[in-house]
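Nothing in this text is a laboratory measurement; each read-out follows from the coordinates by a stated rule. Keep in mind it's a predicted model, so treat the numbers as computed, not measured. Heads up, the Cβs are rebuilt from the backbone with ideal geometry, glycines too, and the neighbour counts pull from every protein chain shown.
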Amino acid sequence: MALVIGLSAGLASAVAASPTVSGPITGGGGAITPPNLTLPDLSQLGYNSAEYFLTGTASAYSPTPPGPLASDGKWTVAPTSTAPFTTRIVVFKPSDPARFNGTVVVEWLNVSGQVDGNPDWTMTHNELVREGAAWVGVSAQAVGVNQLKCPTVIPAAGCFVAPGDPVRYAALSHPGDSYSYDIFSQAGQALVDNSATLLGGLTPTTLLAAGESQSAGRMVTYIDAVHPLVHVYDGFLVHSRGGAGAALSQSPLTPVTAPNPTFIRNDLDVPVFVVQTETDVAGGLAARQPDTNLFRQWELAGTSHFDIYGLLIGPTDVGDGQGAVANLAAMQNPSKSPGPGAECTLPMNTGGAHWTLNAAIYWLNQWVTNGTPPPIAQPLQVASTSPFAYAKDANGNVIGGVRTPQVDAPIAALGGFGNTAAAGNTNPISQFCRLFGSTVPFTPEQLAALYKNKGQFVSAWGQATKNLVKQGFILKADENELTQSAVHSEIGE
């Protein structure tokens, strides 16, 4: 009998404070300010965008009784100090209300680059659009809010990247990241209480929380500490976490750090789906935990923390199949540049995490809405922990994990770590090269030994894709574009 975890139970039991909503925001430059969000031409996707401000009073949290947090994640916390805030959320939703499927993916915007970013939208938006889900990005952390107000680049004032819009965002005020967890709760609560405004009258039936990288660390702490108090979200996608959770509170409040490892607590009432790349498994090996009826962990073979698709292809991919063509072409001629003026030592990863993340967000929604859990995946095979090394196949790709055609019909050796900024390159983006993995294209001789001609490559790639669709690690909706990308390639010609 399927376990039905019930979106309505989650929404009905939400007890977070409800902030005041204002907007849609139209002031200042008149648009959501780049580079704060990857924003493709939503009209081509049949979507529209709007921005709103949320104003309220947020709580910070402390352990009860006072003391260090335990690795098992079974934390008991209570609200402590409060502070006023005004933050922003960005809403992408179907232009045609009939397309809305009831699910809203709420992303904790990533501030690793000292500016709000939306990596999970970038990596999964094709699937969200196909299904008719809405997406909401939350400026939950102080650095993202403060950057929005920056008139220009002023490092001494905390303005490290391109300017924001100080007129449009003048009303924003963030009390510090100790309050970020309650701000994220209140953003979800606002979507329930003010759906007429925020979603244009669409009625949400499922709220899924998502966060990547540093936001995944925040997700871990939110799940363990705050979700049991408020029950705002019906399921969680934790994408590319490290071994520890984020701090529960930090200066100027009394710091409360999370242990390493921090496990996802095993007494939850909603599903948690952890998706790890090769980079993340290497850094968070101690936080591996077994699958249960409410926990899954997928470890993606041949992938890196972020990759060429996320950096260069995904931001403009409108789901017409050209993203798959471009990614396969990049496997043959991978770029070393993650952005203008930035350069890595090695060509960056092209391992196809995008397509497995499409499957992950699909399965999370199925798990919550009808009780159908994701398939269980084998872990990546680790050959050594000191020094850390994966077990590799004859082609130089890792053994085990969730597979893709990129590793099962390979044309390159794909890795998750070992990259660095190119010597002498001081562009701030280059500091993240260590997260962008590597692609080593096969030589003509290696390719000829694997594939006698183009037809043989297309057949191998297509069969690998078909097998993964049957296993549930690639979606049927993505099978054609992946298969056609091989047809359009030059491999074997």
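By the rule of a C-alpha distance below 14 Å, with chain neighbours fewer than 8 residues away ignored, the aspartates and glutamates paired with Lys476 are Glu127, Glu131.
Computed over segment 425-493, the range of Cα coordinates on each principal axis works out to 44, 33, 19 Å, biggest value leading. Estimated purely from DSSP H runs of n ≥ 4, each contributing -39500 (n - 2.57), the mean residue ellipticity at 222 nm for the chain is -8000 deg cm²/dmol once divided by its residues. The angle separating the long axis of helix 180-193 from the principal Cα axis of greatest extent in the chain is about 80 degrees.
Partner lysines whose Cα lies under 21 Å from the Cα of Lys454, excluding those fewer than 8 positions away in the same chain, are identified as Lys466.
At a 10 Å Cβ-Cβ cut-off, how would you order Glu278, Glu212, Glu445, fewest neighbours first? Before the final figure, lay out each step's value.
Values: Glu278 27, Glu212 31, Glu445 8.
With the fewest neighbours first, Glu278, Glu212, Glu445 line up as Glu445, Glu278, Glu212.
Straight-distance candidates among the lysines for linking to Lys336, with alpha-carbon spacing under 26 Å and chain neighbours fewer than 8 residues away dropped: Lys392. Is the shape of segment 39-153 best called rounded, prolate or oblate, per the rule: a/c under 1.5 gives rounded, else a/b larger than b/c gives prolate, else oblate, with a ≥ b ≥ c the square roots of the Cα gyration tensor eigenvalues? Verdict is prolate for segment 39-153. Each of Thr82, Ser335, Gly319 was placed along the dipole of the chain (beta-carbon charges, centred on the mean Cα), and the one lying farthest toward the positive end is Thr82.
State to the nearest 20 debye the size of the charge dipole of the chain about its Cα centre, where the only charges are +1 on K and R beta carbons and -1 on D and E beta carbons.
Using Cβ point charges on Lys, Arg, Asp and Glu, the chain gives about 300 debye.
Calculate the dipole size of segment 308-493 relative to its Cα centre from +1 charges on Lys and Arg beta carbons and -1 charges on Asp and Glu beta carbons; express the result in debye to the nearest 20. Before the final figure, lay out the partial values.
Working: 9 positive and 11 negative charges, 73 e Å.
Roughly 360 debye, rounded to the nearest 20.
Rounded, prolate or oblate: which one fits segment 1-270, using the alpha carbon gyration tensor with axes a ≥ b ≥ c (rounded when a/c is under 1.5, else prolate when a/b beats b/c, else oblate)? Oblate, since a/c reaches 1.5 and b/c is not below a/b.
What does the charge add up to near Ala216, with Lys and Arg as +1, Asp and Glu as -1, over the other residues with Cβ less than 12 Å from its Cβ? Could you put the intermediate results ahead of the total?
Working: positive: Arg218, Arg241; negative: Glu107, Asp120, Glu212, Asp280.
Net of charged neighbours comes to -2.
In the P(r) worked out for segment 170-304, what percent of Cα pairs fall beyond 18 Å? For segment 170-304, the fraction of Cα-Cα distances above 18 Å is 58 percent. Which net charge results when you count Lys and Arg as +1 and Asp and Glu as -1 among the other residues whose beta-carbon is under 13 Å from that of Gln141? With Lys, Arg at +1 and Asp, Glu at -1, the neighbours total -2.
With everything on Cα atoms, drop me the angle between helix 353-370 and the longest principal axis of the chain, reported from 0 to 90° to the nearest 10. So the helix axis and the longest Cα principal axis differ by about 50 degrees. Taking the C-alpha atoms only, the angle from helix 476-487 to the longest principal axis of the chain is near 40 degrees. For Thr369, neighbours were defined as the other residues whose beta-carbon sits under 12 Å from its Cβ, and their charges (Lys and Arg +1, Asp and Glu -1) total -2. Take the alpha carbon gyration tensor of segment 308-493, find the square roots of its eigenvalues, order them as a ≥ b ≥ c, and report rounded if a/c is under 1.5; if not, report prolate when a/b exceeds b/c, else oblate. Note, shape of segment 308-493 comes out rounded.
May I ask you to sort Val111, Val440 by Cβ crowding, counting other Cβ atoms within 10 Å and putting the fewest first? Let's see the in-between values first.
Working: Val111 24, Val440 13.
Neighbour counts put them in this order, fewest first: Val440, Val111.
Selection among Gly400, Gln446, Pro410 by position relative to the dipole of segment 308-493 gives Gly400 as farthest towards the positive end (Cβ unit charges, Cα centre).
Which listed residue (Leu208, Val111, Thr20) has the Cα farthest towards the positive end of the charge dipole for the chain, taking +1 on Lys and Arg C-beta and -1 on Asp and Glu C-beta about the Cα centre? The listed residue farthest towards the positive side: Val111.
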